[in-house]
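Please read the structure below before turning to the comments.
The values are calculated or read from the model by the stated rules, or taken from the named source; none is laboratory data. In this text, all values refer to a predicted model and were calculated from it rather than measured experimentally. Here Cβ is always computed from backbone atoms with ideal geometry, including for glycine, and neighbour counts include all displayed protein chains. Protein only, heavy atoms only, side chains kept; ligands, DNA and RNA dropped before computing areas. Shrake-Rupley method; radii C 1.70, N 1.55, O 1.52, S 1.80 Å.
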Amino acid sequence: MSRIGRMPIAIPAGVTVDVAENNKVTVKGPKGTLERVLPEEMTIKVEGSEVVVTRPNDLKKMKSLHGLTRTLIANMVKGVTDGYEKVLEINGVGYRAQKQGKKLVLSLGYSHPVEMEDPEGLETVVEGTNKITVKGIDKEKVGQFAAEIRDKRRPEPYKGKGIKYADEVIRRKVGKTGKK
C-alpha cells in the first residue's frame, strides 16, 4: 500500500478544503485560493480536520495515482498557508537583475536586456543585483517560472557564470592547459 497515499493531510486552522464533483478540489487559506481537478478514480474525503485519499483497487496505475493525488492536495494546503519560494543567484561580471514595476529586467551579457513579466499569482523580488526570489502559492507555477528565468542563461561549467538555483551545485570542469 502506498505509504504516502495512506497518510492523512492535516488541515490547519483558517484553511477550508472543498471537494466538488469530478474530484475538483478547492483549497482556501490566508494567502489565497487554489483549485485543481484530480484523478476521478481516487476517493477524496474531508473527515473533521483532515483529508483522506483512498484508491479503488491495487492496479499499478491506481497505486501511482494514490500517492500523487495525496501529495498534490498537501502541496495546495501548504501553498495557501505558507506559500512557496525559489531563490536564484546570478554569477558573472556585469550580470545583474532589476525590477521595474511588474517586469524583471536581466542583463546577462547579451546585446539586449532580457525582460520577463511576472505571471499572475507570482511575484519576483530582487535583493541586491544578483539574487532573485520567486514567490507564490502554487508550487508548480513557482518552479516553472524559476526554471524559465534560469533558462535565460544557464550556469556554464568552466567559470560558473549564469543563473543558478541557490541550493544548486555546479559541476566544474578544468579549463585548457597550455602547450609546452
Any residue in segment 20-33 that is closer than 13 Å to N75 by Cα and touching a residue at least 40 places away in the same chain (Cβ under 8 Å) sitting within a Cβ distance under 6 Å of a residue that is assigned to a strand (DSSP E or B) and open to solvent by less than 80 Å² (accessible area, probe 1.4 Å)? List the pairs, counting only those 6 or more apart or interchain. V25/V19; V25/R36; V27/V17; V27/L34; K28/T16
If we keep just the residues of segment 58-88 that are among the acidic types (D, E) and in a loop (DSSP other than H, G, I, E, B), which is farthest from K131 (Cα to Cα)? D58
Hey, any hits in segment 47-57 for a residue that's assigned to a loop (DSSP other than H, G, I, E, B), at pLDDT 90 or above and on the phi > 0 side of the Ramachandran plot? no
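Would you confirm, using the coordinates I've provided, whether I132 is more than 26 Å from R154 (Cβ to Cβ) and touching a residue at least 24 places away in the same chain (Cβ under 8 Å)?
Values: more than 26 Å from R154 (Cβ to Cβ): no; touching a residue at least 24 places away in the same chain (Cβ under 8 Å): yes.
Criteria not met by I132.
Just checking, which of D82, D18, D58 is in contact with a Lys or Arg (Cβ under 9 Å, 6 or more places away or on another chain), more than 30 Å from D151 (Cβ to Cβ) and open to solvent by 60 Å² or more (accessible area, probe 1.4 Å)? Step through it out loud before you land on a result.
Numbers: D82 fails: more than 30 Å from D151 (Cβ to Cβ); D58 fails: in contact with a Lys or Arg (Cβ under 9 Å, 6 or more places away or on another chain).
Of D82, D18, D58, the one residue that is in contact with a Lys or Arg (Cβ under 9 Å, 6 or more places away or on another chain), more than 30 Å from D151 (Cβ to Cβ) and open to solvent by 60 Å² or more (accessible area, probe 1.4 Å) is D18.
Got a sec? Which of T69, T43, T33 is open to solvent by less than 50 Å² (accessible area, probe 1.4 Å) and modelled with pLDDT of 90 or more? Don't jump to the end; show me each part of the working.
Working: T43 fails: open to solvent by less than 50 Å² (accessible area, probe 1.4 Å); T33 fails: open to solvent by less than 50 Å² (accessible area, probe 1.4 Å).
Step by step, each of T69, T43, T33 is checked, and only T69 is open to solvent by less than 50 Å² (accessible area, probe 1.4 Å) and modelled with pLDDT of 90 or more.
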For segment 90-127 the number of residues that are at negative phi, of a type outside the set (A, V, I, L, M) and open to solvent by less than 40 Å² (accessible area, probe 1.4 Å) is 4
I'm trying to understand the selection: among the residues of segment 1-10, which are surrounded by 13 or more Cβ atoms within 10 Å (Cβ to Cβ) and assigned to a loop (DSSP other than H, G, I, E, B)? S2, M7, P8
Hey, K135 part of a helix (DSSP H, G or I), open to solvent by 50 Å² or more (accessible area, probe 1.4 Å) and not acidic (D, E) or not: no
Tally up the residues in segment 139-159 that are in contact with a strand residue (DSSP E or B) (Cβ under 8 Å, 6 or more places away or on another chain), in a loop (DSSP other than H, G, I, E, B) and loosely packed, with under 13 Cβ neighbours inside 10 Å, please. 1
Inspect all residues belonging to segment 76-99 and state whether any of them is in contact (Cβ under 8 Å) with a residue 40 or more places away in the chain, over 29 Å from V15 (Cα atoms) and small (G, A, S). yes
Might you check whether a residue that is more than 15 Å from L65 (Cβ to Cβ), outside any strand (DSSP E or B), β-branched (V, I, T) and over 20 Å from the mean Cα position of the chain (by Cα) occurs anywhere in segment 11-26? yes
